[in-house]
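The values are calculated or read from the model by the stated rules, or taken from the named source; none is laboratory data. In this text the structure is predicted, and so the values were computed from the model without any measurement. Because the Cβ atoms are built from the backbone with ideal geometry, glycine has one as well, and the counts that use them run over all protein chains shown. Surface areas here come from the heavy atoms of the whole protein model, side chains and all, with no ligands, DNA or RNA. Shrake-Rupley method; radii C 1.70, N 1.55, O 1.52, S 1.80 Å.
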Amino acid sequence: QVQLVESGGGLVQPGESLRLSCVASGIIFSNYDVTWYRQTPGNQREWVATITRSGPTGYGDSVKGRFTISRDNAKNAVYLQMNSLKPEDTAAYFCSASSVSRNYWGQGTQVTVSP
């Protein structure tokens, strides 16, 4: 059974940092592109960042320069380092692993940025 488990969310103040983790079981994570998305109630899902199987990364405009995605294939994990957090970063954050024929999702972790 494939599982993606996100963790690391929480309540922080503007300007602070958080590191989210996405740990996979049941698949070899290094065979997948992994993407972080976020979503707030009533809004569409927003692309945050992607790291490909071979390593290149991409970021949404709203997080570029503040967030960093990385992976540790030995730990079957992908991380999202979030710095200089803003109230508008408040959302549920989800990780997704995708290949040509498969797509898996985690349950999400909540990030709240508030004074």
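Some notes on this structure:
- T50 passes every criterion in (1) without any contact (Cβ under 8 Å) to a residue 40 or more places away in the chain; (2) surrounded by 14 or more Cβ atoms within 10 Å (Cβ to Cβ); (3) in a loop (DSSP other than H, G, I, E, B) apart from (3).
- Among residues of the range 12-30 that are farther than 19 Å from G55 by Cβ and among the small types (G, A, S), those with a Cβ under 7 angstrom from a residue that is part of a loop (DSSP other than H, G, I, E, B) and open to solvent by less than 20 Å² (accessible area, probe 1.4 Å), sequence gap 6+ or separate chain, pair up as G15/L85; S17/L85.
- Single residue of Y93, Y79 found to be more than 16 Å from Q39 (Cβ to Cβ), touching a Lys or Arg at 6+ places or on another chain (Cβ under 8 Å) and in a strand (DSSP E or B): Y79
- The set of residues in the range 87-115 that are open to solvent by 80 Å² or more (accessible area, probe 1.4 Å) and at pLDDT 95 or above comprises E88, N103, W105, Q107, Q110.
- Note on the range 22-37: residues that are within 22 Å of T90 (Cβ to Cβ) and open to solvent by 20 Å² or more (accessible area, probe 1.4 Å) amount to 1.
- Residues within the range 62-80 that are open to solvent by 60 Å² or more (accessible area, probe 1.4 Å) and in contact (Cβ under 8 Å) with a residue 40 or more places away in the chain, tallied: 2
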